[in-house]
Amino acid sequence: MGILPPVLDHRVGFLIGAIRASSRVPEPAPVSYRELFRYGLPIYPGTFTSFFSNRVDVYLLAFLVAEPSAPLGYYSMAVTLAQLVFFFPSAVSSLFFPHVAGSAREEVDRQVPMVARVTLLLTTGMALALVPGAVVLIRLLLPAFEPSLPALFVLLPGVVALSHSKVLTSYLAGLGKTVWTSSVNVGALVLNVVVNLILIPRFGILGAAAASLISYSATAITISLLAARLAHRPVADFWVPRWGDVRFAATTAVGMGRRVLQRRASLR
C-alpha cells in the first residue's frame with residue numbers, strides 16, 4: 001500500500017522509550033554480541049518483506065495495468081490520505097516496544113490487550129473522521145482525483161488492521177519473538193502478491209486496495225492469535241472494546257486536540 005511513517009518519528013520514539021525503559025533497570029547486565037545478533041538477525045527477513053509488502057501493489061499496478069499513469073496517480077492520492085491515520089499507532093508502537101522489553105512480563109501481559117484496544121478505537125475514529133474530510137477536500141479542491149475515493153474507502157479498514165497488528169508486533173518483538181514476527185511478515189508478502197495478481201487485472205486500483213485490506217487483516221488476525229497465546233488471554237480481549245477503553249480513548253483524544261491547539265496558538 002505504500003505506507004511509510006517518517007523515519008525521524010520512529011527514531012525519536014525509540015530513543016525516548018529506550019531511555020525510559022533502561023532507567024528502570026537498577027543494575028543493567030552486559031550483553032554479548034552473540035546475543036545481540038541472535039535477537040536482531042531474525043528481524044531482518046520480516047523487515048525486508050514488510051518493506052516490499054507495503055510497496056508491491058504500486059509496482060504490480062504499473063506492471064499489470066495497460067495505461068498505469070492515471071491509476072497510479074489516483075492510487076497515490078488514496079494512499080497519501082490513508083496514511084494520515086497511521087501516525088498515532090506508529091508512535092504507540094515505537095514507545096510500546098522498549099516498554100515491553102524493559103518491564104516485568106506480568107505487567108506487559110496485563111497491559112497489551114488494553115493498549116491494543118485503545119489504539120484500535122482511536123485509529124478507527126480517525127479513519128471514520130477522515131472519510132467526510134477526504135470527500136469534501138477532493139470534491140471541492142481536487143475534483144480530478146475523485147476516482148481515488150473508492151480505493152481510499154477500501155484501504156482505510158486495512159490501515160486500521162495494520163495499526164492494530166503493529167502494536168502487537170511491538171509486544172512480540174519486545175518479548176524476543178522476532179522469528180514469529182518475521183514469519184508473519186513473509187507470509188503477508190506472499191499473500192499480498194498473490195491477491196494483487198488476481199485482483200488488479202480485473203479491478204485496477206480497487207483490486208490493489210482490496211489486496212492490502214486482505215493481507216493486512218490476515219496479518220492482524222495472526223498477530224493477535226500469537227499475542228493472545230503469549231499473554232494467556234482470549235483473542236477477543238485484543239479486539240472487543242470496553243467502556244473503560246472508550247473513556248480512556250476519549251480523554252486521550254481530547255488531550256491530543258488541546259496540545260495541537262496550544263501549539264498552534266504558541267506559533268502565532
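The values are calculated or read from the model by the stated rules, or taken from the named source; none is laboratory data. What you are looking at is a predicted structure, and each value in this text was computed from that prediction instead of being measured. Glycine also receives a Cβ, built like all others from the backbone with ideal geometry; neighbour counts cover every protein chain displayed.
Numbers at a glance
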read-out	value
Answer from T47, T80, T119 - the residue that is among the hydroxyl-bearing types (S, T, Y) and crowded, with 16+ Cβ neighbours inside 10 Å	T119
Top-ranked residue in segment 252-262 [being surrounded by fewer than 11 Cβ atoms within 10 Å (Cβ to Cβ) and within 21 Å of P89 (Cβ to Cβ); ranked as modelled with the lowest pLDDT]	V260
Within segment 202-250, tally of residues that are of a type in the set (F, W, Y) and without any contact (Cβ under 8 Å) to a residue 40 or more places away in the chain	2
Test set (1) under 19 Å from V160 (Cα atoms); (2) out of contact with any Gly (no Cβ under 8 Å at 6 or more places or on another chain); (3) buried (at least 19 other Cβ atoms within 10 Å of the Cβ); (4) touching a residue at least 60 places away in the same chain (Cβ under 8 Å) - V56 fails condition number	(1)
Pair list, Cβ under 9 Å, 6 or more apart: segment 155-173 residue at positive phi, other residue buried (at least 24 other Cβ atoms within 10 Å of the Cβ) and assigned to a helix (DSSP H, G or I)	none
Test: residue in segment 220-230 that is closer than 30 Å to P150 by Cβ, over 18 Å from the mean Cα position of the chain (by Cα) and either modelled with pLDDT of 90 or more or surrounded by 16 or more Cβ atoms within 10 Å (Cβ to Cβ) (or both)	no
Residues located in segment 65-75, provided they are surrounded by fewer than 17 Cβ atoms within 10 Å (Cβ to Cβ), at pLDDT 90 or above and either over 19 Å from L149 (Cα atoms) or in contact with a Pro (Cβ under 7 Å, 6 or more places away or on another chain) (or both)	none
